[in-house]
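The values are calculated or read from the model by the stated rules, or taken from the named source; none is laboratory data. Please read all numbers here as calculations on a predicted model, not as lab measurements. When we count neighbours, we look across all protein chains shown, and the Cβ atoms used for this are built from the backbone with ideal geometry, even at glycine.
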Amino acid sequence: MSLQSVREHLRKFNREKDILEYTESSATVEQAANALNVIPARIAKTLSFKDKEGNAFLVVTAGDAKIDNRKFRDQFEVKAKMLSADEVVEQTGHIIGGVCPFGLANDLPVYLDVSLKRFSTVYPACGSINSAIELTCDELMQYSGAKSWVDVSKDWDEQLKNDAVAVQLDTINK
């Protein structure tokens, strides 16, 4: 049912036929990256949290990003507390491993993390543990109805710096 709700949601944008489905699981960032033959960072992972009042909201980050507790608290004025697996299903209609910001069971606020902006396209799940879709960041913003871009993650920018240094060294060594 979850994949079907995403398919119906994406139909509004004439993108339902662009959903990619795999025989193997794409439930984790690593599995999704392997199934899609992309680097893990390009997987758009959707995380579910509770606000001050205990209401659910979603944050979509790059696959290599981790939540920075200080940034998160500064942005949302609450400690980062993720929903339980049962709460995720109840709030989103999607099981862990297939959670995405589309076709949601409830109208939840969605925020996109700046860690995604370094890519021309990213791959969010589509409601099941073996589906995804390739979207630009603008499409992800539009299709998810995201409220805004936020900066609540860490580690990805350090990896970006390390990658840049590696490219520079590789260029020097040639």
Taking the conditions exactly as written (closer than 21 Å to Glu139 by Cβ and either among the polar types (S, T, N, Q) or touching a strand residue (DSSP E or B) at 6+ places or on another chain (Cβ under 8 Å) (or both)), does Val99 satisfy them or not? yes
A careful count of residues in segment 29-43 that are in a loop (DSSP other than H, G, I, E, B) and in contact (Cβ under 8 Å) with a residue 40 or more places away in the chain gives 1
Would you be able to tell me the number of residues in segment 115-124 that are outside any loop (DSSP other than H, G, I, E, B) and either buried (at least 20 other Cβ atoms within 10 Å of the Cβ) or touching a Leu at 6+ places or on another chain (Cβ under 7 Å) (or both)? 6
Taking only segment 95-125 into account, find how many residues are in contact with a helix residue (DSSP H, G or I) (Cβ under 7 Å, 6 or more places away or on another chain), more than 13 Å from Val60 (Cβ to Cβ) and not basic (Lys, Arg). 6
State whether the residues of segment 125-135 include one that is under 12 Å from the mean Cα position of the chain (by Cα), assigned to a strand (DSSP E or B) and farther than 23 Å from Asp68 by Cα. yes
Hits in segment 71-96 - residues which are closer than 21 Å to Pro124 by Cβ and either in a loop (DSSP other than H, G, I, E, B) or of a type in the set (D, E, K, R) (or both): Ala80, Leu83, Glu87, Glu90, Gly93, His94, Ile95, Ile96
Leu58 touching a Gly at 6+ places or on another chain (Cβ under 7 Å), on the phi < 0 side of the Ramachandran plot and either modelled with pLDDT of 95 or more or crowded, with 18+ Cβ neighbours inside 10 Å (or both): no
When you look at Lys17, is it among the charged types (D, E, K, R), free of Cβ contacts under 8 Å to residues at least 40 places away in the same chain and within 23 Å of Phe119 (Cβ to Cβ), yes or no? yes
Looking at (1) surrounded by fewer than 17 Cβ atoms within 10 Å (Cβ to Cβ); (2) among the charged types (D, E, K, R); (3) modelled with pLDDT of 95 or more, can you tell me which one Glu24 breaks? (3)
Filter segment 1-21 down to the residues that are more than 17 Å from the chain's Cα centre (by Cα) and assigned to a loop (DSSP other than H, G, I, E, B), then identify the one that is farthest from Ser144 (Cα to Cα). Met1
So Val99, is it more than 13 Å from His9 (Cβ to Cβ), out of contact with any Lys or Arg (no Cβ under 6 Å at 6 or more places or on another chain) and of a type in the set (Val, Ile, Thr): yes
Top-ranked residue of segment 44-70 - restricted to ones that are assigned to a strand (DSSP E or B) and charged (D, E, K, R), ranked as nearest to Cys100 (Cα to Cα): Lys45
